Structure formats: C-alpha cells, structure tokens
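See structure below.
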Amino acid sequence: MNTSIPRQDIYARVTERIIADLENGVRTWVKPWNADHAAGKFTRPLRHNGIPYSGINILMLWSSAVAGGFAAPIWMTFRQSMELGAHVRKGEKGSLVVYANSITRKETDEATGEDIEREIHYMKGYTVFNVDQIEGLPAHYYAKPEPRFNPIQRIEHAEQFFAALNADIRHGGTQAYYAQQSDYIRMPPFEAFDAAESYYATLAHESTHWTKHPSRVNRDLGRKQWGDEGYAEEELVAELGAAFLCADLELALQPREDHASYIAHWLKVLQNDKRAIFRAAAHAQRAADFLHKLQPASQEAA
C-alpha cells in the first residue's frame, strides 16, 4: 500500500535506523561476506524483476536485510508475490521503500492573475518483503550461489583445529555470532566469504566467545547490554583471542569489518582503566589455551 510520508520523517527514520545499526556494531553498508544467494554478486538490493534499487532505498533495504538476517537481495510487494503464485508468510513484517517524484500544476497568480506552472515534489512510501519472507516463489528466487573458490582451498590444519573443538557450529544466513543461552556458534557458509582467512578469523573470534560458557572458562566480564564496559571488554577479548589463534595457526588475520565500530568503546574502556588491556590479553590467552587443550596431542605436537 502506498502512503504519502513527509520527507523529513523519512530522513529521520532512515538516519535513526543507521545510527541504531552503528550502535549495534554494524556498518549497514559493509559486510565481511557476500549474501548467501545466487544474486549476491550484485551489490544493490534488487526488485522482483532484477532491477536494482537506488539512492536511499539501498541503505534502507541493506539495513532491513541486516536486521532480519536475510540472505537474498531480492524484494517485492505483497501483490507482486501473489501474482507469482506465492504468499508472504503470516506474521512477517515488511520493509519501507520510498518513491520520490514531482508533478507540475497550473495555478493562477493572485497578484497578476496570470496562469503559472508550479512544480510540486512529493514522496510516497510502500512496503516490500524479502524473498526469504515469502513461500512458493519460482526456484530461481531462492537459488544458492556458486562457490567463490574450490573446497580444496580450505586450509586443512585450520579445519582440523576447529573441528577438534566439537563445538556446535551451525552454517547459514548472513550473520556470525555466538548464542550463549543455546550454546552454539552461527557462521555464514564458507563459500560466502571473500577469502578462507576471513572465514577462519571470524570463526576464531566466535570460538573465543564460545569459551566464556560456564562449562568452559566461565568468563563473565559483567556484560549487561550493548555498549557497556563489560560488552566492550568481551569484544576486545574476542578480538585478541582471534589474533592469537590466527598467529598460532599461521593465518593472515582478517579483521571483522563490523567490529571497526567498537573502537570508540574500546578506547573508552582503555582510557578509564590502564589495566584493561592487560586483563583482556590475559582472558584472551586463557581462551586460546583452552582451545588448544582440546586438540589431539599428536596434532598439537606437530
């Protein structure tokens, strides 16, 4: 459904959404991996007919994709999905996109009585859904990508190292994280990364988080919410842990792009507590040591 929306409201909503993304450690316009979809080679969100969106709609839909964890870059309206014989799943929330244009109207100048043309700018909003929210579409809307590199390019000793952890590592989607309550690591597919090192560096980061579970090293830095000192310290521990592990595995460290936004928080922590970096390094070393102890003795000796 199309609705007229004041321009300033759109600007405010989009700006607030981007700020919210940054506050959640995400730069809306940057990801360390590509969409887990055949159309992921396109950098812009796509309409149902393959035509890319432009302008502010790009950021709006990228932001929605990050928030929803959508792998596909394709979007369509409710009506368009029905025309394709599909349906939006019950309970799914749509995303706003906008259409800006102008019309010319003839008006009578009150002072001169002459007819003049006045250009009126307007903006309309309408709702679209990602194809991940829709069931029953033709198969090509759900197509998976071709691997960016052959599986033989996986780094064997790194594969063995992480396999030996016996962690619950689940692949799929577009986000990497450790879910402590359910005790599993979520990783995008290996093929979604630009380089093998990017995959292993990300997995090293999340594996360091994995060690904080009470059944492992039981690390609790007092994290209560995003942005507090406990959160910043835990992320710093994970960053250092990943660096230590990559060095141990002789891998070139590929920093997580979305963690660049933590820098200000880390600076605040370090400025307020001169011992913080020592404490974080000690926790990171303890985490790395724990992960090494899970390795077969023959592998570690080699």
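Some values worked out for this structure:
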| quantity | calculated |
| --- | --- |
| Residue, surrounded by the most Cβ atoms within 10 Å (Cβ to Cβ), within segment 88-125, restricted to residues that are outside any strand (DSSP E or B) and under 28 Å from the mean Cα position of the chain (by Cα) | G94 |
| Looking only at segment 69-87, and only at residues there that are within 26 Å of A192 (Cα to Cα) and touching a Ser or Thr at 6+ places or on another chain (Cβ under 8 Å), the one that is modelled with the highest pLDDT | W75 |
| Test result for A163, touching a Ser or Thr at 6+ places or on another chain (Cβ under 6 Å), closer than 30 Å to A288 by Cα and not β-branched (V, I, T) | no |
| Y126, sole failed condition from (1) among the aromatic types (F, W, Y); (2) modelled with pLDDT of 95 or more; (3) closer than 29 Å to K93 by Cβ | (2) |
| Close pairs from segment 113-136: first at positive phi, partner not in a strand (DSSP E or B), Cβ under 9 Å, at least 6 apart | G136/S81; G136/L84; G136/G85; G136/A86 |
| Filter pass, A71 being part of a loop (DSSP other than H, G, I, E, B) and either under 28 Å from M187 (Cβ atoms) or in contact (Cβ under 8 Å) with a residue 12 or more places away in the chain (or both) | yes |
| Test: A192 is modelled with pLDDT under 95, farther than 18 Å from C246 by Cα, in the same structural domain as E235 (by TED's automatic domain parsing) and in contact with a Pro (Cβ under 9 Å, 6 or more places away or on another chain) | yes |
| Qualifying residues in segment 126-148 (those that are within 23 Å of the chain's Cα centre (by Cα) and aliphatic (A, V, I, L, M)) - the one surrounded by the fewest Cβ atoms within 10 Å (Cβ to Cβ) | A143 |
| Checklist (1) of a type outside the set (F, W, Y); (2) out of contact with any strand residue (DSSP E or B) (no Cβ under 9 Å at 6 or more places or on another chain); (3) surrounded by 13 or more Cβ atoms within 10 Å (Cβ to Cβ) applied to T174, failing item | (2) |
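The values are calculated or read from the model by the stated rules, or taken from the named source; none is laboratory data. The structure displayed is predicted, hence computed values, not measured ones. No Cβ is skipped: glycine too gets one built from the backbone with ideal geometry, and neighbour counts run over all protein chains shown.
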